[in-house]
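Everything on this sheet refers to the single structure shown next.
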Amino acid sequence: SDAGGMYIGKDRFDVRKEIVVDLEAAGLVEKIEDYNNKVGYSERTKVVIEPRLSMQWFLKMDEITIPALNAVMDDNIKFYPPKFKNTYRHWMTNIKDWCISRQLWWGHRIPAYFLPTAEGEEERYVVAENIDKALELAKAIEGYENITKEQLRHDDDALDTWFSSWLWPISLFDGINNPNNEEINYYYPTSDLVTGPDIIFFWVARMI
């Protein structure tokens, strides 16, 4: 990218060697030493995975877990064998905020809409069910009274698989607006779930 300065357009592995030479020439190298590092490789492309900071969306979990924990502790939801009840309790009482965004092109899209901002300004956004409601929220912000739909940018990220897993049945079968309707009761009774213990937290807990 343009941020690469004198190294624009060059391969990252070549540039790493060039930078060392350039730093040495400028007298800026104190020492060079080897060290061991676990380097991740892409399963699909076999290319080195480079860490990259990016904005992510998190769900605050301290309050939302309370009814999910109570549902199991009060035996409204039962685990078989029962020993996994304690596993579930341990996870849910030591909960961390949940990163729910994924840089994918399938799944439920993050319901956030960015407002236009000048270069150097902090990005502003609204969270809404759809773009019409997002526009209403945006117009209520001082300085954005005349904003249009076309100026709103829908976030590209999608909700992660586990988050979407509990949205899927209620969005497909209208389970929020019309609970216990004929279709959701027939296709998604949720009276029994058979799965592996390794995803009690990753999937089951988050569905609950």
### Query
Out of (1) 0.98; (2) 1.09; (3) 0.96, which label holds the value of Rg/Rh (Cα atoms, Kirkwood Rh) that was computed here?
(2)
### Message
Considering only protein heavy atoms and a probe of 1.4 Å, how much of the accessible area of the chain is carbon and sulfur, as a whole percent?
### Response
53
### Query
Residues with amide H under 5 Å of residue 124's amide H, sequence separation 5 or more or different chain, H placed in the peptide plane at 1.01 Å from N; which?
115
#### Entry: Extension reserve of the residue 178-residue 150 stretch, reckoned as 0.36 nm per residue once the Cα distance is removed
6.9 nm
### Task
Could you do me a favour and compute the accessible area per residue for segment 1-91, 1.4 Å probe, result in Å²?
89
### Query
Counting only the heavy atoms of the protein chains, how much of residue 83 is accessible to a 1.4 Å probe, in Å² to the nearest 10?
130
### Task
Set the Förster radius R0 to 45 Å, insert the Cβ-Cβ distance between residue 87 and residue 23 as r into 1/(1 + (r/R0)^6), and round the FRET efficiency to 0.05.
0.30
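The values are calculated or read from the model by the stated rules, or taken from the named source; none is laboratory data. In this text, all values refer to a predicted model and were calculated from it rather than measured experimentally. With ideal geometry, Cβ positions are generated from the backbone for all residues, glycine too; neighbour counts draw on all protein chains shown. To get the accessible areas, we keep the full protein, side chains included, count just its heavy atoms, and leave off ligands, DNA and RNA. Shrake-Rupley method; radii C 1.70, N 1.55, O 1.52, S 1.80 Å.
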